[in-house]
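Have a look at the structure below, then the notes.
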Amino acid sequence: MKHYGLIGYPLSHSFSRKYFIEKFEKEHISDHVYELFELKNLSDFPELLRANTRLCGLNVTVPHKIGIVRYMDWISEEARQVGAVNCIRISAESPVLAAFSGEVGIQDHDFKLEGFNTDVYGFEHSLKPLLKKHHTKALLLGDGGAARAVKCVLDKLGIEYQLVTRRPGRENILFKDLNKRIIEEHTVIINTTPLGTSPNVDECPPIPYEYITDQHLLYDLIYNPEQTLFLKQGFDKGAATKNGFEMLVLQAEKSWEIWNSTQVAQ
């Protein structure tokens, strides 16, 4: 029996668990289990591994994607660039966890933890099919943890971006400063904020939607509801729109590929 799971807090609504349970049923995989591990304090992570020695892989969600990095024996280049890990492959012996053995008594179990960021893969391959030649500049709404993978992908694709936030920052502009010229110049607009997530479906980022045209592409990392108010207002102006559902599917499948890969990380 192979065990996989998701760590984060809270985990009341989990895309990953539902997705993998359905995947196991559809593909007739009867010897795999996917569980939720609510982890309020990341310091309890070594104890979780000690208590679940059959774990082969984990997904990581908020608020632990950044903090979990310190527990990794190895991280991929993309995870290093983003500074966050959302997929862990567990195998062999872990020199890093050995340092925590005195605290939690895990010296009887050996692990090697390899950290990846599949959000980068998911977002890139979800966004690229929609890009056109005039999509050269983007507005990135929000600068929290969700924006990290998006920044990495935009850099990779050579798309200039401007951060838009509620509070002043060295590289940011404020929502209240957005005007016709800025909106027209930035034909890709990506929402990384939680505004509009169910049940708060009447909320949306405060941008001047009247300047959106059919040359724009609006992408919302939110997938519930399927069409946020942000996307609806873009759609009504003729813009191309996409939510974050495919990104989640792609990152989940990438996690599955990583967990089942025989390639050894160096």
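Here is a yes/no grid of residues against (1) in contact with a Pro (Cβ under 7 Å, 6 or more places away or on another chain); (2) part of a loop (DSSP other than H, G, I, E, B); (3) under 17 Å from Gly67 (Cβ atoms); (4) not aromatic (Phe, Trp, Tyr):
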position	(1), (2), (3), (4)
Ser12	no, yes, no, yes
Phe20	no, no, no, no
Ile29	no, yes, no, yes
Leu36	no, no, no, yes
Handout entry: Neighbours by Cβ (under 9 Å, 6+ apart or cross-chain): first from segment 134-161, at positive phi; second polar (S, T, N, Q)
Key = Gly142/Thr165; Gly142/Asn191; Gly142/Thr192; Gly142/Thr193; Gly158/Thr136
Exercise for the section: Look through segment 104-125, keep the residues that are open to solvent by 10 Å² or more (accessible area, probe 1.4 Å) and farther than 27 Å from Phe15 by Cα, and return whichever of them is modelled with the highest pLDDT. Expected result: Asp110
Exercise for the section: Take segment 170-195 and flag every residue that is of a type outside the set (A, V, I, L, M, F, W, C) and in contact with a strand residue (DSSP E or B) (Cβ under 7 Å, 6 or more places away or on another chain). Expected result: Glu171, Asn172, Glu185, His186, Thr187, Asn191, Thr192, Thr193
Fill in the blank from the handout: If we keep only residues of segment 56-74 that are more than 14 Å from Asp119 (Cβ to Cβ) and in contact with an Asp or Glu (Cβ under 9 Å, 6 or more places away or on another chain), then the residue least open to solvent (accessible area, probe 1.4 Å) is Met72
Exercise for the section: Evaluate the following for Lys128: is it part of a loop (DSSP other than H, G, I, E, B) and either open to solvent by 70 Å² or more (accessible area, probe 1.4 Å) or over 16 Å from Lys237 (Cβ atoms) (or both)? Expected result: no
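Report whether or not Phe24 is hydrophobic (A, V, I, L, M, F, W, C), open to solvent by less than 40 Å² (accessible area, probe 1.4 Å) and in contact with a helix residue (DSSP H, G or I) (Cβ under 6 Å, 6 or more places away or on another chain).
no
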Completion exercise
So, first residue in a loop (DSSP other than H, G, I, E, B) in segment 38-60, second residue among the hydroxyl-bearing types (Ser, Thr, Tyr), Cβ within less than 9 Å, six or more apart or across chains; the pairs are Leu39/Tyr9; Lys40/Tyr9; Asn41/Tyr9
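The values are calculated or read from the model by the stated rules, or taken from the named source; none is laboratory data. Keep in mind it's a predicted model, so treat the numbers as computed, not measured. Every residue, glycine as well, gets a Cβ built from its backbone with ideal geometry; the counts of neighbours run over all protein chains shown. SASA here: full protein model, heavy atoms, side chains in, ligands and nucleic acids out. Shrake-Rupley method; radii C 1.70, N 1.55, O 1.52, S 1.80 Å.
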